[in-house]
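Down below is the structure, laid out as structure tokens.
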Amino acid sequence: MSLSCLALDSTRAYIRSWLLPEHRFPSGFQGYAQRGLMQIGVYGSGYLGTVISACLADFGTPVTCCHPDSSRMVEMAQGNVPFHEKNLAEVIKRNVRAGRLAYSTDMESFARKVRVIFLAEDSPQHLADLAVRIARLAPKPPILSVVTPVAVGTASAVEQRLREAGLRATMVSQPVFFTPGCAVEDFNWPDRIILGTSSNDAVLVLKQIFHPLVMRGVPVIVTNHETAELVRESATAFVATKISFINELSSLCERVNADAVSLSLALGLDKKIAPRCLQPGAGMGGLFAESDMDSLAELARAKGVSLKVLSAAREVNHNLAERLVNKISDVVKSVQNKDVGILGLAFKPNTNSVAGSSSVRLAQSLIAKGARVRAYDPVAIPEARMELNGTIYYCESPYAAAEGVDALVVGTGWPEFRALDFGRIKHLLKRPVIVDTKNLLDSVRLRAMGFEYVGVGRS
């Protein structure tokens, strides 16, 4: 079913299969850009496909996003993103209005017209079947750039599958590094672009697509499929190690009267270390973090390699919730039959994702220890409901979460929590106890107001 020319009166936007002006590329890309004309497509309507199609269009490049889910395509064209991601809805609406971003369910037209396709499903489950289908429909061998998180060896396996089917396509392994809550920023200001391919033509075409970034000096690393696939999993594992390291040191800080916030600042100013992901109290989470680390651990096991550092980092990360429960228990003299309010359920600010959320794991651990939990989050409550299965009470405001509880816990570092009326909160609490698991709040001010303030790694 095609959704060509389906009117969307509410937004004056529309979904089109092929009414876009053709994007011009420099000539000379043999077999890919006859007469200098080319179309760009993104397959996928989940997190990755939505972000990549919108941000590519924001470069000024005409992009078509394709997926068979017609209702999702209509919603996307209206700017109704099914998840919370800072600035993304505005980027989509701007580019649909400008005619640079179109949505289609017509796979046949998509494969016929597009010469470069970013395979951007959130799951790699049907990746090989998708590549075969596109290659079969395409009149000329397409460039298929795999941005879906995949296990090492996937692109080579897809190439083999194509050869066995008598089909041709140029495969590129192109891992992307998005953090939920700042994916638009990550796309526009990446640390590097990774291209795993043996095709010089594909490298030239993709450099042209990402011309605004290349001209800004973003490094482009060209390597083979397996290295590119391993970069993503290794980066996730290294970040997990960094987070776990500072969290373990924060425990030591509490024993020796040191301040983990100052420690992390001092460490981060070392050029060999860098400050990102070095904040005590943070947990490793996100849409793909666990699957990346699972995949890397399984690859190492299958090849007979022991990744002891990764195993230790994951153990520290998983034990974070238990450590925080113990911290709360020490303050309120056991959480059994106590009421605890949690501010924030998303795994980080500016996203509704609770995948790997230390705040959700904290809620689960508190309930397991006999506590009653009430919680507030600006956007993540619908996602949290699916994770927590009605085991906690959800509040419509941070003040409702504070009402009558024995301790108020900052679980996610939403900036708006800094601006709360803490005089009002003090009167709402059963006891003036705040456990700040993200070291977000002004501890000096709160203690001066009469709060018992407990941070992470701080005396």
> Excluding same-chain residues fewer than 8 positions from Lys426, which aspartates and glutamates have a Cα within less than 13 Å of its Cα?
Replying inline: Glu403, Asp406, Glu452
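What number, in percent, do you get for the relative contact order of region 308-402 if the mean sequence gap of Cα pairs under 8 Å and at least 6 apart is divided by its residue count?
28 percent
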> Using only Cα atoms, what Kirkwood radius does region 154-238 have, in angstroms?
Replying inline: 14.0 Å
> Accessible area per residue of the chain at 1.4 Å probe, in Å²?
Replying inline: 44 Å²
> Under 21 Å Cα-Cα from Lys140, which lysines qualify once same-chain neighbours fewer than 8 residues away are excluded?
Replying inline: Lys113, Lys207
> Which listed residue (Val256, Tyr47, Gly268) has the Cα farthest towards the positive end of the charge dipole for the chain, taking +1 on Lys and Arg C-beta and -1 on Asp and Glu C-beta about the Cα centre?
Replying inline: Gly268
> Over the heavy atoms of Thr241, what accessible area does a 1.4 Å probe trace out, to the nearest 10 Å²?
Replying inline: 40 Å²
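Looking at region 358-459, I'd like the Rg to Rh ratio, where Rg is from alpha-carbon atoms and Rh is Kirkwood's inverse mean 1/r.
On the Cα set of region 358-459, Rg over Rh gives 0.94.
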>> Nothing charged except the Cβ atoms of Lys and Arg (+1) and of Asp and Glu (-1): what's the magnitude of the dipole of the chain about its Cα centre? Round to the nearest 20 debye.
In response: 540 debye
> What are the residues whose amide H is under 5 Å from the amide H of Gly196, where those residues sit 5 or more places off or on another chain and H is modelled from the backbone?
Replying inline: Ser173, Gln174, Thr223
> Taking Cα pairs under 8 Å and at least six residues apart, what relative contact order does the chain come out at, in percent?
Replying inline: 11 percent
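What is the Cα radius of gyration of region 63-207 over 2.2 N^0.38 Å, N being its residue count?
Here the answer is 1.08, to two decimals.
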>> Longer than 29 Å from Cα to Cα, which of Lys86/Lys430; Lys86/Lys242; Lys242/Lys333; Lys272/Lys327 are they? Say none if no pair is.
In response: Lys86/Lys430; Lys242/Lys333; Lys272/Lys327
> Taking the Cα centre of each part, how many Å lie between region 344-406 and region 169-209?
Replying inline: 35 Å
> Given a 1.4 Å probe and the protein chains all in place, what does the accessible area of Lys333 round to, in Å² to the nearest 10?
Replying inline: 150 Å²
> At a 1.4 Å probe, what is the % contribution of carbon and sulfur to the accessible area of region 37-85?
Replying inline: 44 percent
> How much of His211 can a 1.4 Å solvent probe reach, expressed as accessible area in Å² and rounded to 10?
Replying inline: 80 Å²
> Using a 1.4 Å probe on the protein chains only, how many percent of the accessible area of region 334-374 belongs to carbon and sulfur?
Replying inline: 49 percent
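The values are calculated or read from the model by the stated rules, or taken from the named source; none is laboratory data. Nothing here was measured: the structure is a model prediction, and the numbers come from that model. Note: ideal-geometry Cβ built from the backbone for every residue, glycine included; neighbour counts use all protein chains shown. With ligands, DNA and RNA removed, areas are computed over all heavy atoms of the protein, side chains included. Shrake-Rupley method; radii C 1.70, N 1.55, O 1.52, S 1.80 Å.
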